[in-house]
Each structure stands twice: as C-alpha cells, then as structure tokens.
C-alpha cells in the first residue's frame, strides 16, 4: 500500500509540475504578492488549465469572474506584467486582454463584448516547428497602450498549451485576471471588442492544430487583432 501511495503522489506531482498559474502582477519593476491583485480562482492549487472555450471559465478561470482583489495603480504607456509559477512549460502563445470596468474593477465580472487584445507574442518558425519566446519563462511582460483611456480594468493573461491540440478540446488555456487602475492615459477607442466566452471556437485554427505531424509553418492566433492604440 505504501508503494502505491508513493507512486500516486509522484504521479500527481509530475502532473502538477507540467502546469502553471499566473498569480502576481509586476509594475514599476516590483512584483506584488501572490493573489494580491490577481483574482484567485477555484482550484488554483491544481495549476490546471481551462479546456472548454465555450465555458465562462475561459474568461478569468474557474469562478474568477466573481472573485475580487485589490486594484493596482498603473500608468498608460508603462510596461507591466504577470508572474508565471512555476514557469511556462508547454509550447503555445501568450495573449493579453483588457476590459474596462464601468466603475470599480472589483465589482466587474467582465461580461459582454468588453474585451480587447493588447498583446500577443510571435513564434519562430523553423525546421523543427514553432517555438514561442514564452516557453520556460517565469514572467510575461507587455506594454499598456499610451492612448488607453483612464479607468479601472481587468487584465487577462492567457497562455495556450498546444502540445495535445490535435483534437477539439485539446488546447489548454492557462488564465488569470488581475485588476488595474490606469491613469495618465489618452482618448483611444479600443477595438475590436469581444466577449468571453464567444471570442474563441473549438475549431479555431489556433486552437485545433498539430505541432508535430505535419509540422506547421505558420500560426493563426485565436481572438481579435491586437489594439495598439
């Protein structure tokens, strides 16, 4: 029995180590405490992904839409980020979305066509396939558009693991939503606006893809185009 318990424990540890979460914001060169400004979602200790892109969980992870934390003051045009713990393990893209709250971010569930994309990384294409710069990284950093209107926002960081995305439901979205209060911004009109769920379909080419056979020579990102301001 002891041997079985050890094997089960080892198996769980290996499974968990292959996954990751985004627990803390980074601003002004300072990393905040875990889950201080990032919504702590149900089951976060499992480090598990969201695989159903038609579920509300695709918005801010399990119960993340109704969670609430402190809101971090940032400035438009600044580079901010989010930590990955332990690190990004699976191949696939990183994308960042914002949604402006009608009032306080802490009271906003992100419902409706309110999300716009401000960042997506770019893979290198080689004879061995696609290689993303985030693979192995422990942080994700991105720049807030200088013309971003002042106000409170949800900031949604998502990395999609594509290692078993050769069938529908195989893509793995690792998601966290933080809360930020933007000042020093401009009069930009972020677009296009999308909803979560709704922005992705299970058969989107960026979600239903084999990385290994045949080896792809390009990648099509799910969701809208990046708004740069």
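In summary, residue 137 fulfils each of the numbered conditions (1) part of a loop (DSSP other than H, G, I, E, B); (2) more than 11 Å from residue 88 (Cα to Cα) with the single exception of condition (2). Checked against the criterion of being in contact (Cβ under 8 Å) with a residue 24 or more places away in the chain and in contact with a helix residue (DSSP H, G or I) (Cβ under 7 Å, 6 or more places away or on another chain), the candidates 175, 215 yield just one match: 175. Please determine, by comparing only the residues of the stretch 62-80 that are in a loop (DSSP other than H, G, I, E, B) and in contact with a helix residue (DSSP H, G or I) (Cβ under 6 Å, 6 or more places away or on another chain), which one is nearest to residue 203 (Cα to Cα). Top of the filtered list is 68. Screening residue 159 with (1) under 14 Å from the mean Cα position of the chain (by Cα); (2) free of Cβ contacts under 8 Å to residues at least 40 places away in the same chain gives one miss only, at (2).
Quick grid of which residues meet (1) surrounded by fewer than 16 Cβ atoms within 10 Å (Cβ to Cβ); (2) under 17 Å from the mean Cα position of the chain (by Cα); (3) in a helix (DSSP H, G or I):
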{"site": "87", "(1), (2), (3)": "yes, yes, no"}
{"site": "96", "(1), (2), (3)": "no, yes, no"}
{"site": "142", "(1), (2), (3)": "no, yes, no"}
{"site": "164", "(1), (2), (3)": "yes, no, no"}
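Scan the stretch 38-61 for residues that are under 23 Å from residue 112 (Cβ atoms) and either in a loop (DSSP other than H, G, I, E, B) or modelled with pLDDT under 95 (or both) and the total you get is 9.
Go through the stretch 100-126 and report how many residues are part of a loop (DSSP other than H, G, I, E, B), farther than 25 Å from residue 20 by Cβ and free of Cβ contacts under 8 Å to residues at least 60 places away in the same chain. Walk me through how you get there before you give the answer.
Of the stretch 100-126, the ones part of a loop (DSSP other than H, G, I, E, B) are 101-104, 108-114, 121-123.
Those still in the list that are farther than 25 Å from residue 20 by Cβ too: 101-104, 108, 111-114.
This time we only want the ones that are free of Cβ contacts under 8 Å to residues at least 60 places away in the same chain, so: 101-104, 108.
Residues in the stretch 100-126 being part of a loop (DSSP other than H, G, I, E, B), farther than 25 Å from residue 20 by Cβ and free of Cβ contacts under 8 Å to residues at least 60 places away in the same chain: 5 in total.
The values are calculated or read from the model by the stated rules, or taken from the named source; none is laboratory data. Quick caveat, the model's predicted, so the values are computed rather than measured. Glycine also receives a Cβ, built like all others from the backbone with ideal geometry; neighbour counts cover every protein chain displayed.
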